[in-house]
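Undergrad: Pasting a structure below so you can have a look.
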Amino acid sequence: MSLDARDPMVFDDAPAETVSPLPSDTTAPTSPPLRATGLRKAYRGRVAVEHLDLTIAPGETVGLLGPNGAGKTTAVKMLLGLVRPDAGTAELFGVPANQPRARRGVGYLPETFGQPPWATGRQVLSTHADLAGVDTDDRRAMLDRSLYRVGLAGRGEEKVGGYSKGMRQRLGLAAALLGEPKLVILDEPTSALDPVGRREVRDIVRDLTEAGTAVLLNSHLLGEVEAVCERIVVMHRGRVLTDRSVAGLPTGQEVRITTDGLTAAHLAVIQGHGMLGHHDDRTAIVALDDTDATPELITSLVAEGVNIRSVVPLHSSLEELFVRLVGDAVHDDDAVGRKGAGR
Amino acid sequence: MIIMRLSLREAISRRVLAASTVFSVGFVGLFWLAYSLAFSSVAESTSDPSESAVVAGILTIMGLYTVQFLASFLTILLASGTVASEIDSGRILSIMARPLPRWSWLAQRAGTFGGMAMVYVLLMTGAVLLVAAGIGGYQPLNPLRGMALLALQVAVLVALGAGLSTRFSTVATGVIVVALYGLAWLGGIVEFVAGALGNQTLERVGIVVSLLIPSDALWRGASYYFQNPVLLMAAEMDDVGLPFASSVPPSGPQVAWAVVYVLICGTLAVRSLNKRDL
């Protein structure tokens, strides 16, 4: 999928690039692209990641979710051998991640893709192509394709110092995808992009998945993760709260009703239309038995004298799951803290 | 080679080289002017060729002393950001996520910066000696040995700077290496004064400092080979010599220690980078 509206066929004459064989080709053919077992990391006594187990199969797209400070970036860095774990192991294609050869066939977009401002976009990509061991007869055409893929066609001769944040992120994505890696790790790949750019990145991730590339997507944008990932791993305060398939999430028939006040009688009315979820004295979340039942519910509540402020369909059931998981974890942690303080 | 190319372009883009070149051309021009004026003034006032040779020697050593000073600061400036600047900018993440050993990356960067500083010090030394030879017919004892020792001095500063930059910020590394360089200079002066006074305790202090950082000891060793025999003889007769130069050749263990020092700093730098979280 191209980020640009131009005809992608323009590059079809260029010879395809090849990369050095992956370690898995010769060492462990059955090893998954990524496998982490019991990873732990603490900085000056503060635990950043606690017992992380994660395996990603070929062609699988996994979303790594969590609030700020959850330990996602530390986890990603350990998976790439950039940070030494205090305990546990991380393997890429069956090779310990701290060995350079493990990173053959891996594309990585860091959260901040820092590049020398004096270099042009094409120079940056060329350097990364060299480092990735990309071997091609026509380097120029290959780089043109890469720039085109991320919507930077015609901008490769400009210096990176003059790029916007979004353009740098696009360039970083192009660098990560050089040499057709079998595992791509993207750390907040759309944080600097506009909505159109985000959609384009989603399309690229889908293309990668279709091509059999394993993808680990670290993002705080739940809709983005839900749209492209098959599996989600939610982290909070260094721990994995859940590792589950997106297909197994609730169907998304929930609505959030906000009122001036809800009594027990009002809640009983709501329960007549579906399963009552989280609620307090003003708001309630209800999983409707029927997706078309919203007007009926509103009519019933108004008839009971409820003053309704808003009714919001919750399209992203992942969002609800995330908020619930993280919220519960915070509640649990606070409760433990209070208990400890009370001793 | 990839990282060497990148580091070279980085150094050029930082305009450190351009500024150094402009400044150095200016310095050599000024040296040529001062040297010719001073030398012609001495030649007019005395007919003793040995006196002229001593003056030529002193002027040359002063010029070379400035050269090694400039080269040292250029080296420190380049080397102090070897690792730290890459970490600060976040550039190291995307590079180290490639199948590239950390030691290779570090060796290529430090090697490029060190190589550039060595080329600089050799060109500048050659220019000063050419001016001295052209105007005053100056003939140093052994310029190649002197240049080799100055190149070793650059290697010492690069290895130290690169090693420290694996743990400290660019600015902190620069400050520490400049401070150590200053300490070495002070140690050299202390050793000189101790030699003149015959104070062995002070002399030991100077030796300890030169073990801690052998940059000044290497300059002093180089300065011996840059002097002409007449100047060395005059120093021997005075029993003192120039305060910023040495009238005795560098000892074998001294040079060997400098080589070992580079190797130790380099090894520790690699170990430190390997253990460091990025």
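The values are calculated or read from the model by the stated rules, or taken from the named source; none is laboratory data. Keep in mind it's a predicted model, so treat the numbers as computed, not measured. Every residue, glycine among them, receives a Cβ derived from its backbone with ideal geometry; neighbour counts consider all protein chains shown.
Undergrad: Does A:Arg168 fit the bill of being in a helix (DSSP H, G or I), out of contact with any helix residue (DSSP H, G or I) (no Cβ under 7 Å at 6 or more places or on another chain) and surrounded by fewer than 23 Cβ atoms within 10 Å (Cβ to Cβ)?
TA: Working: in a helix (DSSP H, G or I): yes; out of contact with any helix residue (DSSP H, G or I) (no Cβ under 7 Å at 6 or more places or on another chain): no; surrounded by fewer than 23 Cβ atoms within 10 Å (Cβ to Cβ): yes.
Answer is no for this residue.
Undergrad: Now for a different question. Can you find, within the range A:149-159, the residue that is nearest to the other protein chains (Cβ to nearest Cβ) among those that are on the phi < 0 side of the Ramachandran plot and buried (at least 21 other Cβ atoms within 10 Å of the Cβ)? So that I can check it myself, show each step before the final result.
TA: Of all residues in the range A:149-159, those on the phi < 0 side of the Ramachandran plot come to A:149-150, A:152-153, A:155-159.
Filter again for buried (at least 21 other Cβ atoms within 10 Å of the Cβ), leaving A:149-150, A:152, A:156.
Details: A:Arg149: 17, A:Val150: 15, A:Leu152: 16, A:Gly156: 17 Å.
If we take residues in the range A:149-159 being on the phi < 0 side of the Ramachandran plot and buried (at least 21 other Cβ atoms within 10 Å of the Cβ), then A:Val150 is nearest to the other protein chains (Cβ to nearest Cβ).
Undergrad: Then there's this: Does the range B:229-243 contain at least one residue that is in a helix (DSSP H, G or I) and at pLDDT 90 or above?
TA: no
Undergrad: Tally up the residues in the range B:28-50 that are out of contact with any helix residue (DSSP H, G or I) (no Cβ under 7 Å at 6 or more places or on another chain) and in a helix (DSSP H, G or I), please. Even if it seems obvious, please write down each step before you answer.
TA: Applying the first criterion (out of contact with any helix residue (DSSP H, G or I) (no Cβ under 7 Å at 6 or more places or on another chain)) to the range B:28-50 yields B:29-30, B:33-34, B:37, B:40-41, B:44-45, B:47-49.
Narrowing the set further to residues that are in a helix (DSSP H, G or I) leaves B:29-30, B:33-34, B:37, B:40-41, B:44-45, B:49.
The number of residues fulfilling the criteria is 10.
Undergrad: Give the number of residues within the range B:189-218 that are under 14 Å from B:Gln153 (Cα atoms) and surrounded by 15 or more Cβ atoms within 10 Å (Cβ to Cβ). Break it down into steps so the answer makes sense when it comes.
TA: As a first pass, look at the range B:189-218 and keep what is under 14 Å from B:Gln153 (Cα atoms): B:210-218.
When the remaining residues are screened for being surrounded by 15 or more Cβ atoms within 10 Å (Cβ to Cβ), the result is B:210, B:213-218.
Going through the range B:189-218 one residue at a time, the tally reaches 7.
Results for (1) within 30 Å of A:Val225 (Cα to Cα); (2) modelled with pLDDT of 80 or more; (3) in a strand (DSSP E or B); (4) among the hydroxyl-bearing types (Ser, Thr, Tyr), shown as yes or no for each residue.
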| residue | (1), (2), (3), (4) |
| --- | --- |
| A:His278 | yes, no, yes, no |
| A:Asp281 | no, yes, no, no |
| A:Asp292 | yes, no, no, no |
| A:Pro295 | no, yes, no, no |
| A:Ile298 | no, yes, no, no |
| A:Val302 | no, yes, no, no |
| A:Ser310 | yes, yes, yes, yes |
| A:Leu321 | yes, no, no, no |
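Undergrad: Just for the range A:63-75: of the residues that are surrounded by fewer than 24 Cβ atoms within 10 Å (Cβ to Cβ) and under 13 Å from the mean Cα position of the chain (by Cα), which one is farthest from the other protein chains (Cβ to nearest Cβ)?
TA: A:Pro67
Undergrad: Hey, another quick one. On the given criteria, is A:Gly81 in contact (Cβ under 8 Å) with a residue 60 or more places away in the chain and at the interface with another protein chain (Cβ under 10 Å from one of its Cβ atoms)? Quick ask: steps written out before the conclusion?
TA: Numbers: in contact (Cβ under 8 Å) with a residue 60 or more places away in the chain: no; at the interface with another protein chain (Cβ under 10 Å from one of its Cβ atoms): yes.
In short, no.
Undergrad: Which residues, counting only those in the range B:98-117, are under 20 Å from A:Val124 (Cα atoms) and touching a Gly at 6+ places or on another chain (Cβ under 8 Å)?
TA: Result: B:Pro99, single match.
Undergrad: Okay, moving on. Restricting to the range A:279-304, and then to whatever is small (Gly, Ala, Ser) and touching a residue at least 12 places away in the same chain (Cβ under 8 Å), can you tell me which residue is nearest to A:Leu321 (Cα to Cα)?
TA: Here is the first cut: in the range A:279-304, the ones small (Gly, Ala, Ser) are A:284, A:287, A:293, A:300, A:303.
Adding the requirement that they be touching a residue at least 12 places away in the same chain (Cβ under 8 Å) leaves A:284, A:287, A:293, A:300.
On the way: A:Ala284: 15, A:Ala287: 13, A:Ala293: 22, A:Ser300: 28 Å.
This residue is A:Ala287.
Undergrad: Hey, does the range A:260-278 have a residue that's among the acidic types (Asp, Glu), more than 16 Å from A:Leu64 (Cα to Cα) and in contact (Cβ under 8 Å) with a residue 12 or more places away in the chain? Show your work before the answer.
TA: Quick first cut of the range A:260-278, residues among the acidic types (Asp, Glu) only: A:260.
Filter once more, keeping what is more than 16 Å from A:Leu64 (Cα to Cα): A:260.
Adding the requirement that they be in contact (Cβ under 8 Å) with a residue 12 or more places away in the chain leaves A:260.
Looking through the range A:260-278, at least one residue is among the acidic types (Asp, Glu), more than 16 Å from A:Leu64 (Cα to Cα) and in contact (Cβ under 8 Å) with a residue 12 or more places away in the chain.
Undergrad: When you go through A:Arg40, A:Arg35, A:Arg46, A:Arg103 one by one, which is the residue that is at the interface with chain B (Cβ under 10 Å from one of its Cβ atoms) and either free of Cβ contacts under 8 Å to residues at least 40 places away in the same chain or surrounded by fewer than 24 Cβ atoms within 10 Å (Cβ to Cβ) (or both)? Break it down stepwise before answering.
TA: Values: A:Arg40 fails: at the interface with chain B (Cβ under 10 Å from one of its Cβ atoms); A:Arg35 fails: at the interface with chain B (Cβ under 10 Å from one of its Cβ atoms); A:Arg46 fails: at the interface with chain B (Cβ under 10 Å from one of its Cβ atoms).
The match here is A:Arg103.
Undergrad: Looking at the range B:177-192 only, could you name the residues that are out of contact with any Gly (no Cβ under 6 Å at 6 or more places or on another chain), over 14 Å from B:Thr75 (Cβ atoms) and β-branched (Val, Ile, Thr)?
TA: From the range B:177-192, those out of contact with any Gly (no Cβ under 6 Å at 6 or more places or on another chain) are B:178-186, B:188-189, B:192; that's our starting set.
Going one step further and asking which of them are over 14 Å from B:Thr75 (Cβ atoms), we end up with B:179, B:182-183, B:185-186, B:188-189, B:192.
Scanning the range B:177-192 gives a single hit, B:Ile189.
Undergrad: Inside the range B:58-95, can you point out the residues that are within 14 Å of chain A (Cβ to nearest Cβ) and among the hydroxyl-bearing types (Ser, Thr, Tyr)? Don't jump to the end; show me each part of the working.
TA: Looking only at the range B:58-95, we keep the residues that are within 14 Å of chain A (Cβ to nearest Cβ), and these are B:81, B:83-95.
Within the range B:58-95, B:Ser85, B:Ser89, B:Ser94 meet the criteria.
Undergrad: Next question, about the same structure. Out of all the residues in the range A:137-148, is one or more touching a helix residue (DSSP H, G or I) at 6+ places or on another chain (Cβ under 8 Å), of a type outside the set (Asp, Glu), part of a loop (DSSP other than H, G, I, E, B) and surrounded by fewer than 22 Cβ atoms within 10 Å (Cβ to Cβ)? Don't jump to the end; show me each part of the working.
TA: Step one: of the range A:137-148, the residues touching a helix residue (DSSP H, G or I) at 6+ places or on another chain (Cβ under 8 Å) are A:139, A:141-148.
Next, only the ones that are of a type outside the set (Asp, Glu) stay: A:139, A:141-143, A:145-148.
Going one step further and asking which of them are part of a loop (DSSP other than H, G, I, E, B), we end up with none.
Scanning the range A:137-148 turns up no residue that is touching a helix residue (DSSP H, G or I) at 6+ places or on another chain (Cβ under 8 Å), of a type outside the set (Asp, Glu), part of a loop (DSSP other than H, G, I, E, B) and surrounded by fewer than 22 Cβ atoms within 10 Å (Cβ to Cβ).
Undergrad: Inspect the range B:69-89 for any residue being outside any loop (DSSP other than H, G, I, E, B), crowded, with 21+ Cβ neighbours inside 10 Å and of a type in the set (Ser, Thr, Tyr) and give the result as yes or no.
TA: The answer is yes, given that some residue of the range B:69-89 is outside any loop (DSSP other than H, G, I, E, B), crowded, with 21+ Cβ neighbours inside 10 Å and of a type in the set (Ser, Thr, Tyr).
Undergrad: Could you count how many residues in the range A:101-129 are within 21 Å of A:Ser31 (Cβ to Cβ) and in contact with a helix residue (DSSP H, G or I) (Cβ under 8 Å, 6 or more places away or on another chain)?
TA: Residues of the range A:101-129 within 21 Å of A:Ser31 (Cβ to Cβ): A:101-108.
Keeping just the survivors that are in contact with a helix residue (DSSP H, G or I) (Cβ under 8 Å, 6 or more places away or on another chain) gives A:101-102, A:104-105, A:107-108.
Matching residues across the range A:101-129 total 6.
Undergrad: Among the residues of the range B:96-144 satisfying the criterion of being within 13 Å of chain A (Cβ to nearest Cβ) and either free of Cβ contacts under 8 Å to residues at least 40 places away in the same chain or hydroxyl-bearing (Ser, Thr, Tyr) (or both), which is farthest from A:Leu178 (Cα to Cα)?
TA: The qualifying residue farthest from A:Leu178 (Cα to Cα) is B:Ser104.
Undergrad: Let me ask something additional. Here are some residues: A:Ile232, A:Ile270. Which one is buried (at least 22 other Cβ atoms within 10 Å of the Cβ), among the β-branched types (Val, Ile, Thr), in a helix (DSSP H, G or I) and in contact with a Ser or Thr (Cβ under 9 Å, 6 or more places away or on another chain)?
TA: Details: A:Ile232 fails: in a helix (DSSP H, G or I).
None of the other options fit; the residue is A:Ile270.
Undergrad: Taking the stated definitions as given, is B:Ala148 in a helix (DSSP H, G or I), buried (at least 21 other Cβ atoms within 10 Å of the Cβ) and among the small types (Gly, Ala, Ser)? Walk me through it before giving the result.
TA: Working: in a helix (DSSP H, G or I): yes; buried (at least 21 other Cβ atoms within 10 Å of the Cβ): no; among the small types (Gly, Ala, Ser): yes.
No.
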